[in-house]
Amino acid sequence: MSTSGSRLAGKVAIVTGGGSGFGAAIAVRYAQEGAKVVIGDINTKGAEAVASQNPSAITYQKMDVTSLSDWQSIISSAVQTHGHVDILVNNAGTTYRNKPSEEVTIEEFQRVFDVNVKSIFLASQTFIPKLIDQGKGGSIINVSSTGAQRPRPGISVV
């Protein structure tokens, strides 16, 4: 096991959904490993709380992962602040209240699809060209729920 603070030294990571849950843990751990982390989340209160744990390494920006302009903005901001980007962790996700599939509304389905699927497309459309432009590679990590492989009663649409 490597020494804490060295594995990601010099790296800049964007973590979506970093204001709570797994995303918060990822953001904190990346910072502990030496990365500069930018949290993108609609939950600004949670993102602010996570960033306050290590303000020299973690910042946040309000971000809706379903918005192309928000993707462009967070990447631009990260590059402007830190000079480059290296890592994108697509962690943001959502679901609807547990209920039979026939009761899921079009709006609920669309929100789940946009956050869980469309956001990955938007990430690719904006982050990959930046990595190519920088010419030094990078990583995109897509986090998914176990529900993607093992649907459960009441939450099986997306």
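Less than 14 Å Cβ to Cβ from VAL79, Lys/Arg counted +1 and Asp/Glu -1: what total charge do the surrounding residues give?
For residues surrounding VAL79, the net value is +2.
Pairs of Cα atoms under 8 Å, at least six residues apart: use those to get the relative contact order of the chain, whole percent.
Relative contact order of the chain: 22 percent.
How would you order 100-108, 13-21 from highest to lowest mean count of nearby Cβ atoms within 10 Å?
With the highest mean Cβ count within 10 Å placed first, the list reads 13-21, 100-108.
What is the sum of charges, Lys and Arg at +1 and Asp and Glu at -1, for the other residues whose Cβ falls under 13 Å from the Cβ of SER124?
Combined, the nearby Lys, Arg, Asp and Glu give +2.
Holding the Cα-Cα limit at 30 Å, pick out from LYS99/LYS130; LYS11/LYS62; LYS45/LYS118 the pairs that are longer than that.
Beyond 30 Å between Cα atoms: LYS99/LYS130.
Among ALA51, GLN32, THR95, whose Cα lies farthest out toward the positive end of the dipole of the range 12-145, if unit charges sit on the beta carbon of Lys, Arg (+1) and Asp, Glu (-1)?
Projecting each Cα onto the dipole axis, the largest value belongs to GLN32.
For the range 61-133, run through the trypsin sites (Lys or Arg not before Pro) and keep only the ones in DSSP coil with at most 16 other Cβ atoms within 10 Å of their Cβ.
Answer in residue order: ARG97.
Counting only protein heavy atoms and using a 1.4 Å probe, what share of the accessible area of the chain belongs to carbon plus sulfur, as a whole percent?
Carbon and sulfur: 54 percent of the exposed surface of the chain.
With both partners inside the range 12-145, how many of the DSSP beta bridges are antiparallel, as a percent to the nearest 5?
0 percent
Could you please report the charge total around THR66, scoring K, R as +1 and D, E as -1 over all other residues with beta-carbon less than 12 angstrom from its beta-carbon?
That sum, taken over residues with Cβ under 12 Å, equals -1.
About the Cα centre, and with charges only on the beta carbon of Lys, Arg (+1) and Asp, Glu (-1), how big is the dipole of the chain? Nearest 20 debye, please.
Taking the Cα centre of the chain as origin, the dipole is about 400 debye.
Taking only DSSP H segments of four or more residues, each worth -39500 (n - 2.57), what value at 222 nm results for the chain once the sum is divided by all its residues, to the nearest 500 deg cm²/dmol?
Helix contribution divided over all residues of the chain: -11500 deg cm²/dmol.
The values are calculated or read from the model by the stated rules, or taken from the named source; none is laboratory data. Bear in mind that the values here come from a model prediction, so they are computed numbers and not experimental data. Note: ideal-geometry Cβ built from the backbone for every residue, glycine included; neighbour counts use all protein chains shown. For accessibility, only protein heavy atoms count, side chains too; no ligands or nucleic acids. Shrake-Rupley method; radii C 1.70, N 1.55, O 1.52, S 1.80 Å.
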